[in-house]
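This report concerns only the one structure given below.
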Amino acid sequence: MHQDEPITIGVSSCLLGLNVRYDGANKSSQTAIDVCTQINCIPICPEVAIGLGVPRPAIKLFSHADSTRAIISEHPMEDVSQNLRKYAQQIKEEHPDLCGYIFKSGSPSCGLKDVPTFDCDENPINTGKGIFADKLCAEIKGLPTIDEKQLEIPEQREIFFKSAAEFRSSNAVEL
């Protein structure tokens, strides 16, 4: 890998205008689209990647004992947590050059914070991180992350891309 090559960043596909959300829509972010013209962008929708269709029933996070579970809302016995976690491991293996990630805020798979978590009676009890985002960050220690709301703030965007470039430098393997 040459340092003059564009950095490789994962991006929640819905932010790039791809209709991959549970409701068949997207959450297009012009800023995400614009920055992807300057980097090597890998569009990723973990829910579609694990085989959930478009459209599909929404996923909700439920607190279960000492863990958080991603459950399909219309099928309460269908837990997709392990599939999302396995996919995060797969991303780490398939993209060893990944040096940052732009996540979709509020998403039960991709949210970095403030994702509602419910109890067994569907009462909101907490907020946390999406299942995929949490596992990917655990798998790739120190991976710079940002969501589309933070990306809109020039100072946050600058810090993110500087951190991603530093992450690449610190993880570069000499060939």
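For the chain, what proportion of DSSP beta bridges, expressed in % and rounded to the nearest 5, is antiparallel?
On the way: 11 of 24 bridges.
Around 45 percent of the beta bridges assigned by DSSP in the chain are antiparallel ones.
If R0 is 35 Å, the Cβ-Cβ spacing of Glu166 and Gln90 corresponds to a FRET efficiency of close to 0.90.
About the Cα centre of region 112-153, what is the dipole size in debye to 20, counting +1 per Lys and Arg Cβ and -1 per Asp and Glu Cβ, all else neutral? Walk me through the intermediate numbers first.
Values: 5 positive and 9 negative charges, 59 e Å.
The calculation lands at about 280 debye.
In this structure, the amide hydrogen of Asp147, modeled 1.01 Å from its nitrogen in the peptide plane, lies closer than 5 angstrom to those of Phe103, counting only residues at least 5 positions away or on a different chain. Using a cut-off of 20 Å between Cα atoms, the listed pairs Lys27/Lys86; Lys27/Lys135; Lys104/Lys129; Lys60/Lys141 include Lys27/Lys86; Lys27/Lys135; Lys60/Lys141 as exceeding that distance.
Taken about its Cα centre, region 56-121 carries a charge dipole of about 160 debye when Lys and Arg each add +1 at the Cβ and Asp and Glu each add -1 at the Cβ.
Hand me the GluC sites (Glu not before Pro) from region 51-110 located in a DSSP loop with no more than 12 other Cβ atoms within 10 Å, in residue order please.
Values: sites: Glu74, Glu78, Glu93, Glu94; in loops: Glu74, Glu78.
When the GluC sites (Glu not before Pro) of region 51-110 are filtered for loop state and at most 12 Cβ neighbours within 10 Å, Glu74 remain.
Between 0 and 90 degrees, rounded to the nearest ten: what's the tilt of helix 154-171 against the longest Cα principal axis of the chain? The angle comes out at about 70 degrees.
Rounded to the nearest 10 degrees, the inclination of helix 81-94 to the longest alpha-carbon principal axis of the chain is 10 degrees. Left without a cysteine partner by the 4.7 Å Cβ rule in the chain: Cys14, Cys45, Cys99, Cys110, Cys120, Cys137.
In percent, how large is the relative contact order of the chain, given Cα pairs closer than 8 Å and 6 or more residues apart?
Values: 335 pairs, mean separation 37.7, N = 175.
Over the chain, the number comes to 22 percent.
Taking Lys and Arg as +1 and Asp and Glu as -1, the other residues whose beta-carbon sits under 14 Å from that of Ala164 total -1.
Exactly which GluC sites (Glu not before Pro) in region 115-175 are in a DSSP loop and have at most 14 other Cβ atoms within 10 Å?
Working: sites: Glu122, Glu139, Glu148, Glu152, Glu155, Glu158, Glu166, Glu174; in loops: Glu122, Glu152, Glu174.
Those satisfying the criteria are Glu122, Glu152, Glu174.
How much length, in nm to one decimal, is gained on full extension between Gln38 and Lys149, taken as 0.36 nm per residue of separation minus their Cα-Cα distance?
38.1 nm
Scanning the chain for trypsin sites (Lys or Arg not before Pro) lying in DSSP loops with no more than 16 further Cβ atoms inside 10 Å, the longest uninterrupted stretch between such sites is 1-112. Around the Cα centre of region 1-146, unit charges on the Cβ atoms of Lys, Arg, Asp and Glu (plus for the first two, minus for the last two) sum to a dipole of about 60 debye.
Read-outs: derived from the displayed coordinates by stated rules, not from any lab. Computed from a prediction, not measured in an experiment: that's the story for all the values here. Using ideal geometry, Cβ is built from the backbone for each residue, glycine included, and neighbour counts are taken over all protein chains shown.
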